[in-house]
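Rule-based calculations on the coordinates, nothing more; no lab input. Everything numeric in this text was worked out from a predicted model, so none of it was measured. Cβ: placed from backbone, ideal geometry, glycine included. Neighbour counts: every protein chain shown.
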Amino acid sequence: MTDNELLGAADAIASRAYAPYSRFHVGCVVLTRDGRLIEGVNVENAAYPLGVCAERVTFSRAIVEGYRPGDFVTAAITASPCGGCRQWLAEMQVDRVVFRNGGRIVTMTVAELLPEQFEAHELP
Ligand code: THU
């Protein structure tokens, strides 16, 4: 699938978001190396900080399906990923990330999204 097709798929599912508080609907799809498409949307909560971003929902679903870091080719997101989700994208070792930012379509690697990233092997 092309980046445009993946973004189109993310656009198509964004309306399934549960976002009654922000009314900001986000869709995310991830293409796996074995050719599957896994979808997610943001899920908010009346206790605001408990809401979950579309990217984290998507990767949590992928993990449940048996996928592991390194199994992902492209993540397509209808919005620019937040700082925390950049850390998730890095953890999942996605090859490339394509997202909408205002009117633009941006494609980046994880290293570009999150330079000088924290890695657990740096722990004492
Ligand atoms: N949101 C995402 O789903 N992904 C991001 O990377 C940015 C923000 C959601 C969280 C919240 O439900 C809404 O967008 C407004 O911040």
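Just a few scattered comments:
- Fewest-first ordering of 44, 119, 55, 91 by other beta carbons within 10 Å of each residue's beta carbon gives 119, 91, 44, 55.
- The residues 16, 68, when put in order of fewest to most other Cβ atoms within 10 Å, stand as 68, 16.
- Label zone (residue 87, point 7 Å along Cα-to-C-beta; backbone nitrogen cut-off 18 Å) within segment 24-60: 49-60.
- Contact order for the chain, expressed relative to its length and based on alpha carbon pairs under 8 Å spaced 6+ residues apart, stands at 20 percent.
- Among 37, 89, 114, residue whose mean-square fluctuation peaks in a GNM of the chain (springs only between Cα atoms under 10 Å): 114
- In the chain, the calculated helix contribution to ellipticity at 222 nm averages -8000 deg cm²/dmol per residue, counting -39,500 (n - 2.57) for every DSSP H run with n ≥ 4.
- When the Cα positions of 87, 70, 14 are compared along the charge dipole of the chain, 14 comes out farthest toward the positive end, with charges on each C-beta of Lys, Arg, Asp and Glu.
- Amide proton proximity set for residue 52, modelled H, under 5 Å, gap of 5+: 43, 44
- Sorted fewest first by neighbouring Cβ atoms within 10 angstrom, 31, 123 come out as 123, 31.
- Whole-Hz ³J(HN,Hα) from phi, Karplus 6.51 cos²θ - 1.76 cosθ + 1.60, for segment 4-13, glycine and proline x: 5, 5, 5, 5, x, 5, 5, 4, 5, 9
- Charge dipole magnitude, Cβ of K and R +1, D and E -1 - the chain, Cα centre, debye nearest 20: 380
- DSSP beta bridges confined to segment 50-124 are antiparallel in about 55 percent of cases.
- A Cβ-based charge dipole, computed about the Cα centre of segment 1-62 with Lys and Arg at +1 and Asp and Glu at -1, lands at about 200 debye.
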